[in-house]
Amino acid sequence: MNRIVVFGGTREGRKLAGYLEGSGVSVHMCVATEYGESILPKGDNIHICAKRLNRIEMEEYLLTHQPEYVIDATHPYAVEVTDNIIEACKETGFSYIRLIREENSTAEEADIIHVPDIESAVAYLRHKEGNILITTGSKELNKYTLLDNYRERCYARVLSVASVVEECSKIGFEGKNLFCMQGPFSEEFNYVQIRMIHAAYVVTKSSGTNGGFLEKYRASMRAGVKLIVIGRPMEPKVKTDSMSYREVLVFLREKYGVLPKQKVTLIGMGMGNKNHLTYEAVKALEESDVIIGASRMLTLCRSIVSHKEFYSSYTKEEIVRFIKAHPEYTNIAIAFSGDVGFSSGAKGLSSLLDSCQITAVSGISTPVYFLNKIGVPWEDTLFLSKHGKELNIISKVRNNEKICVLLGSTSDVSEICHKLLEYGMEYLNITVGERLSYPEEKILTGKPKDFVNQVTENLAVIYIENIFAGHRKQRIEDEEFTRGKVPMTKQEIRLISIEKLGLDKNSIVYDIGAGTGSVSVEAALRCEDGTVYAIEKNTEGISLIEENKRKFQADNCTIIEGMAPECLEGLEAPTHVFIGGSSGKLESIVKSVTRKNKNVRIVVNAISLDTVSEIMKLVKEGIIKEPDIIQTNISKSRKTGNYHMMQAYNPVYIVSFGGGNRNG
């Protein structure tokens, strides 16, 4: 069986064990403490030795397990340990690989401050706040008295000798601020002491393994405090060739064919202020091998974890190609603005990375932050995004009392408010927010007229409140339409025809021979996320459609003046077509719309027998297939003197076909 030995409880050592977990390689991990063992990944092929080994014990361990390679992933400060591993490999004849950290490659390195002497350490700490654990001995302890409030914030650990205690007391170190004890001190002891005094900094000399440096280092990293190191670490006695973490992964992949499953974390980064990131998001960034995202997100990430590798991209295809081309990255973070569940580039990415282990980390979305800021409960608010796409805002405002829209350009607020005023919605309450979560955050309230000239940041947000939302009747009476002298499809025929069309909210509808626009308006009100094209050749009809469009707030109705099928060129393909008037061009119209969409649903109203005859001709020729034909005979009562008489309307044929061979 393939076998390697890895020395080191460092982050790189843990990552390497995780990389090899479940592979065909038997991994023997050597760490110094039980804590180091507790944070290693567990797997059937991971075998752990949790004790300090001297050189002789290392040789015995290697001879027992007979590895093909020995990988030294110990800490750079563990110079004596590295020397022992090199000597053990030399004596036993096993191949040695030194895994080195790349410059500024870990978050831990960012928490270590190197200074040449105690004076420099004191100079650094004079501008910092927080308690300090001093482990540099008593000889130069007086130099720390230059720090403000040193009696309260400085804790010294010194030898338990009477003369030392007396000298420390003279300069103000006494009581709870003086620890008198004899080492060595374990990592766990250091950790507890750091936590007990709520230290923000630990000061130590670069004393090597025998001086307990590694125990202080590990305890400081566990506690999340900064370690101030006086002096530089010693260099190993023997110089050897070395590899970076990525180079080691490439080597193992080529040697053993190890291709582990990559972990990808989709991170919601919130609004852009790092103070609003969740703890889980920061942890995911810190643990990642590489961070991917748009440039704005990477700028935010660099302010948190500057030592990482970064790849700038926001397109799904480019991100997927990068991940598949770099299997050496086993823990990948992809940063998205806001929350990954709302109007996010994260949508659909999981399915493209089905070979990876996907985890999502939520962020605070701009709309949620904004509504909380202005005191609006958001469980009954409609959230929308205008970021990079068109939005039928009038329909949404008409049907919903509370709307919050994430915007995408500097002119969106102005354009929306112009549109609201165009459709008579001057009574609405408007709140606009921009630069949210930043010091220059701005929130404005008013009516649509107050924002018609408003220019905002690209990523602003608008809240619209309509207390009259949803009060429109389910159907429109004929008398409510502005009619003029243009023919209009009567209400009963209109309702049956629209029902036969089978519209949904995203439908793209052609109303050919739109007349006054009665069918166009009714269809537009039903297709709030779709578009209705009202096609009319009559100039008076065009004016009437425009008036009815404004009257009923049907902004998603687009008016096309012209003759079908010629004027249909250039329009997007329809999902549904209503033909109320064809001007003798029924066959060419049907052929034109079916060329655009072979599954289009078509409903034709025919009053004249000539139109019925033309329909039957198209049926015989196979142009219209499997039609559903109904004839309606409608009479309505009208009062004549003291009597009520029934007045009959012309019979109307309603012919439906297409759209997946739907009937009835």
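The values are calculated or read from the model by the stated rules, or taken from the named source; none is laboratory data. As the structure is a prediction and not an experimental result, all values here were calculated from the model. Because the Cβ atoms are built from the backbone with ideal geometry, glycine has one as well, and the counts that use them run over all protein chains shown.
Summary table below
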{"item": "Test: residue 51 is charged (D, E, K, R), modelled with pLDDT of 85 or more and farther than 25 Å from residue 286 by Cβ", "result": "yes"}
{"item": "Of residues in the stretch 396-436 being assigned to a helix (DSSP H, G or I) and surrounded by 20 or more Cβ atoms within 10 Å (Cβ to Cβ), the one nearest to the chain's Cα centre (by Cα)", "result": "412"}
{"item": "Hits in the stretch 297-309 - residues which are out of contact with any Ser or Thr (no Cβ under 7 Å at 6 or more places or on another chain) and either polar (S, T, N, Q) or touching a residue at least 40 places away in the same chain (Cβ under 8 Å) (or both)", "result": "299, 303, 305, 306"}
{"item": "Residue match in the stretch 157-167 (condition: touching a Phe, Trp or Tyr at 6+ places or on another chain (Cβ under 9 Å) and under 22 Å from residue 231 (Cβ atoms))", "result": "yes"}
{"item": "Of all residues in the stretch 244-254 being in contact (Cβ under 8 Å) with a residue 12 or more places away in the chain and of a type in the set (D, E, K, R), the one that is nearest to residue 20 (Cα to Cα)", "result": "253"}
{"item": "Every residue from the stretch 566-600 that is assigned to a helix (DSSP H, G or I) and of a type in the set (Val, Ile, Thr)", "result": "589, 590, 593, 594"}
{"item": "Identity of the residue in the stretch 290-311, under 19 Å from residue 350 (Cα atoms) and surrounded by fewer than 22 Cβ atoms within 10 Å (Cβ to Cβ), that ends up nearest to the chain's Cα centre (by Cα)", "result": "294"}
{"item": "Number of the exception - residue 43 against (1) out of contact with any helix residue (DSSP H, G or I) (no Cβ under 6 Å at 6 or more places or on another chain); (2) not basic (Lys, Arg); (3) not in a loop (DSSP other than H, G, I, E, B)", "result": "(3)"}
{"item": "Residue list for the stretch 14-35, filter: in contact (Cβ under 8 Å) with a residue 40 or more places away in the chain, surrounded by 21 or more Cβ atoms within 10 Å (Cβ to Cβ) and small (Gly, Ala, Ser)", "result": "32"}
{"item": "Residue 11, sole failed condition from (1) surrounded by fewer than 22 Cβ atoms within 10 Å (Cβ to Cβ); (2) at pLDDT 90 or above", "result": "(2)"}
{"item": "Subset of the stretch 134-166 that is within 19 Å of residue 119 (Cβ to Cβ) and assigned to a helix (DSSP H, G or I) - its residue that is farthest from the chain's Cα centre (by Cα)", "result": "142"}
{"item": "The one condition in (1) under 14 Å from residue 577 (Cα atoms); (2) in contact with a helix residue (DSSP H, G or I) (Cβ under 9 Å, 6 or more places away or on another chain) that residue 597 fails to fulfil", "result": "(2)"}
{"item": "Subset tally (residues that are part of a strand (DSSP E or B) and under 22 Å from residue 492 (Cβ atoms)) for the stretch 511-534", "result": "4"}
{"item": "Residue in the stretch 364-384 that is surrounded by fewer than 18 Cβ atoms within 10 Å (Cβ to Cβ) and closer than 17 Å to residue 288 by Cα present", "result": "no"}
{"item": "Selection from the stretch 543-556 of residues that are surrounded by 20 or more Cβ atoms within 10 Å (Cβ to Cβ), under 45 Å from the mean Cα position of the chain (by Cα) and part of a helix (DSSP H, G or I)", "result": "545, 548, 549"}
{"item": "Residue check, residue 516 crowded, with 19+ Cβ neighbours inside 10 Å and either within 20 Å of residue 553 (Cβ to Cβ) or within 35 Å of the chain's Cα centre (by Cα) (or both)", "result": "yes"}
{"item": "Some residue of the stretch 346-366 being at pLDDT 90 or above and basic (Lys, Arg)", "result": "no"}
{"item": "Residue in the stretch 576-593 that is within 36 Å of the chain's Cα centre (by Cα) and either modelled with pLDDT of 95 or more or not hydroxyl-bearing (Ser, Thr, Tyr) (or both) present", "result": "yes"}
{"item": "Top-ranked residue of the stretch 160-198 - restricted to ones that are touching a residue at least 24 places away in the same chain (Cβ under 8 Å) and of a type in the set (S, T, N, Q), ranked as surrounded by the fewest Cβ atoms within 10 Å (Cβ to Cβ)", "result": "186"}
{"item": "Which numbered condition residue 351 fails, given (1) farther than 25 Å from residue 16 by Cβ; (2) in contact (Cβ under 8 Å) with a residue 24 or more places away in the chain", "result": "(2)"}
{"item": "Number of the exception - residue 607 against (1) surrounded by fewer than 16 Cβ atoms within 10 Å (Cβ to Cβ); (2) closer than 30 Å to residue 647 by Cα; (3) of a type outside the set (S, T, N, Q)", "result": "(1)"}
{"item": "Evaluation of residue 42 against (1) touching a residue at least 24 places away in the same chain (Cβ under 8 Å); (2) of a type in the set (Lys, Arg); (3) closer than 30 Å to residue 224 by Cβ (one fails), failing number", "result": "(1)"}
{"item": "Candidate set: the stretch 125-159, residues that are of a type in the set (Gly, Ala, Ser) and surrounded by fewer than 22 Cβ atoms within 10 Å (Cβ to Cβ); chosen: the one modelled with the lowest pLDDT", "result": "137"}
{"item": "Of all residues in the stretch 293-340 being hydroxyl-bearing (Ser, Thr, Tyr) and in a helix (DSSP H, G or I), the one that is nearest to residue 281 (Cα to Cα)", "result": "299"}
{"item": "Enumeration of residues in the stretch 54-92 that are at pLDDT 90 or above, farther than 14 Å from residue 28 by Cα and part of a loop (DSSP other than H, G, I, E, B)", "result": "54"}
{"item": "From 623, 630, 589, residue being out of contact with any Ser or Thr (no Cβ under 6 Å at 6 or more places or on another chain) and over 14 Å from residue 500 (Cα atoms)", "result": "623"}
{"item": "Positions within the stretch 582-599 being within 23 Å of residue 613 (Cβ to Cβ) and either among the hydrophobic types (A, V, I, L, M, F, W, C) or free of Cβ contacts under 8 Å to residues at least 60 places away in the same chain (or both), in sequence order", "result": "584, 585, 586, 587, 588, 589, 590, 591, 592, 593"}
{"item": "Residue check, residue 286 closer than 22 Å to residue 246 by Cβ, in a loop (DSSP other than H, G, I, E, B) and among the charged types (D, E, K, R)", "result": "no"}
